[in-house]
Amino acid sequence: MFWQILLGIWMTAVILASFLYMPATQGLGQTGRIIVYHVPAAWLAVLAYLISMLNAVGYLRRGELRLDRQARINAELGTVFCLVATVTGAIWSRAAWGWYWNWDPRQTSIAVLLLIYTAYFVLRSAVSDQARRARLSAVYSVLAFLTVPFLVFVVPRVYASLHPDLINLEQGSFDMDRKMLVVFLASLAGFTGLYAWMYKLVARLENLLDKLEQQKRGEAESER
Amino acid sequence: MFAITTLVAVSFSVGGAVLDADLSAALLWLILFFTSMAGLSRAFVQEEEAGTVTALRLAARPDAVFIGKYLFNVTLLFSLDVLVVPLFWVLLQQTVALPLSFLAVVLLGTAGLAGASTMVAAIVAKAGARGPLMTVLAFPVLLPLLLGAISSTRTCFVGDKAIAADLLFLFCYNGVALTASLLLFPYVWDE
């Protein structure tokens, strides 16, 4: 309980600070404030998808259904954060580039990520047998994970990106104001905490549902 | 047949206008993509329906089965190329600046289509679902290949850039898709 309250206060402080404490960015102006929400969401989407894929590999090697469940929950959470990143990105794109969607390379790759995980959930819903569903979806997520990096090679060759970069590779430094960096890192920590909490909640809920199912089955057997 | 119908439909609807190289390269690969989706999704479903899966599983090792299916699909798509590409050239009046590279792009592209689709077809057959699932699953996996093939086909039509890097890209995609499929196939095949 303590942690949840702390997280609530923390996130409220981040939201207030992103409007009041943080200065408007150079070049991007007031729209730059979205960095506090957009970038952590995108980072968590990638993190959750990565964990999901690792769990899928683990399932293929060891065959424990627990790992399949972790892979699925992480894929779901990743999709939530991915949607947040896509929508905030589209809103920012309207303000900065003139229209919500223009197939910038970053937009292309996030759209492909969403497509892959939509396909993943469609595949899962098509199979009813538990072990078979776990195996097929694990194979699919590994296959998709291996082929997608190719997009990183093709797309920049065809179109140039206008997406602002956080890390300045030439100077090897963060292109950020001190105040802004503080708020940004605080938001990153807050979002990661949010993800951990969400994961715990979903996992607990699923465990309870499992227990309920077992109990029902036990009662049905004792009646017989 | 599906390919020819689509090709004729495309040719009719553009009404004999000479297309931009960008546009006709995209059209060519769209035709090839949807044709292979329609044709290759049957690769493993047939075995499941006829009940010959069990016999096949007893008789051969999984990688042998996969390579057999893969080679069959590659042959199927190559014969499709032989049919579609000349017709495409005739009907859409497309000039090709680099004919040899174009041939290589088409062959590498269709081989890549066959490789990844064979793997997805195996998943679809086990999932017991028919129809659109194949396209939904294969599209994101094949998208990098399609984008690469479209841009290099355009280069072949116009001939304004070096093509070697594009060919290398297509070759690498083939390698990765095939290796990944060979590693993952046993998990789909064995139960």
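The value given for chain A is a Kirkwood hydrodynamic radius of 19.9 Å, derived from the mean inverse Cα-Cα separation.
For an R0 of 35 angstrom, estimate the FRET efficiency from the Cβ-Cβ distance between A:Phe121 and A:Ala13 and round to the nearest 0.05. Please report the intermediate quantities before stating the final value.
Numbers: r = 35 Å, r/R0 = 1.00.
Calculated value: 0.50.
Order A:73-81, B:118-126 from most to least packed using the mean count of other Cβ atoms within 10 Å. Kindly include the intermediate steps, with their values, before the conclusion.
Working: A:73-81: 21.0, B:118-126: 25.8.
Per-residue mean Cβ counts within 10 Å order the peptides as B:118-126, A:73-81.
What ranking, highest mean first, results for peptides A:66-72, B:48-54 when packing means the other Cβ atoms within 10 Å averaged over each residue?
Working: A:66-72: 20.1, B:48-54: 11.3.
By packing density, highest mean first, the sequence is A:66-72, B:48-54.
Each part reduced to its alpha carbon centroid, the stretch B:31-97 and the stretch A:14-72 end up 39 Å apart.
With a ≥ b ≥ c taken as the square roots of the eigenvalues of the C-alpha gyration tensor of the protein assembly as shown, please select rounded if a/c is under 1.5 and otherwise prolate if a/b is larger than b/c or oblate if it is not? Kindly include the intermediate steps, with their values, before the conclusion.
Numbers: a/c = 2.46, a/b = 1.18, b/c = 2.08.
Since a/c reaches 1.5 but b/c is at least a/b, the shape of the protein assembly as shown is classed as oblate.
Taking the 0 to 90 degree range and rounding to the nearest ten, how far is the long axis of helix B:21-40 tilted relative to the main principal axis of chain B, both from C-alpha atoms? Here the helix axis deviates by roughly 20 degrees. In the stretch A:1-108, Cα pairs under 8 Å separated by at least six residues give a relative contact order of 24 percent.
Can you give the mean number of other chain Cβ atoms that lie within 10 Å of the Cβ atoms in peptide B:114-127?
Details: counts 0, 0, 3, 0, 0, 3, 6, 0, 2, 9, 3, 0, 7, 13.
Neighbouring Cβ atoms belonging to other protein chains average 3 per residue here.
Each of A:Val87, B:Leu108, B:Ser181 was placed along the dipole of the protein assembly as shown (beta-carbon charges, centred on the mean Cα), and the one lying farthest toward the positive end is A:Val87.
The contact between chain A and chain B removes approximately 2600 Å² from the accessible area (both sides summed; 1.4 Å probe; ligands, DNA and RNA excluded).
The string of couplings for the stretch A:88-96 from the Karplus curve (6.51, -1.76, 1.60, θ = phi - 60°) is 5, x, 5, 5, 5, 4, 4, 6, 8 Hz, one whole number per residue in order, with x for Gly and Pro.
Against chain B, whose longest principal axis comes from its Cα atoms, helix B:62-92 is set at around 20 degrees.
For the peptide B:169-178, the mean number of other protein chain Cβ atoms found within 10 angstrom of a residue's Cβ is 2. Here chain B is treated as a sphere whose radius is the Kirkwood value from Cα pairs; by Stokes-Einstein at 25 °C and 0.890 mPa s it diffuses with a coefficient of 142 µm²/s.
Please report, in debye to the nearest 20, how large the charge dipole of chain B is about its Cα centre when each Lys and Arg carries +1 at its beta carbon and each Asp and Glu carries -1 there.
About 100 debye.
Our coupling estimate for the stretch A:187-201, obtained by passing each phi through the Karplus curve with A = 6.51, B = -1.76, C = 1.60 and θ = phi - 60°, is 5, 4, 5, x, 4, 5, x, 4, 4, 4, 5, 4, 4, 4, 4 Hz, Gly and Pro reported as x. Computed from backbone phi, the HN-Hα couplings of the stretch B:155-165 come to 4, 5, 5, 8, x, 9, 9, 6, 9, 4, 5 Hz, rounded to whole numbers (Karplus: 6.51 cos²θ - 1.76 cosθ + 1.60, θ = phi - 60°; Gly and Pro given as x).
The values are calculated or read from the model by the stated rules, or taken from the named source; none is laboratory data. Quick caveat, the model's predicted, so the values are computed rather than measured. In this analysis, Cβ positions are derived from the backbone assuming ideal geometry, glycine residues included, and neighbour counts consider all displayed protein chains. We work out accessible area using only protein heavy atoms, side chains counted, and drop any ligands, DNA or RNA first. Shrake-Rupley method; radii C 1.70, N 1.55, O 1.52, S 1.80 Å.
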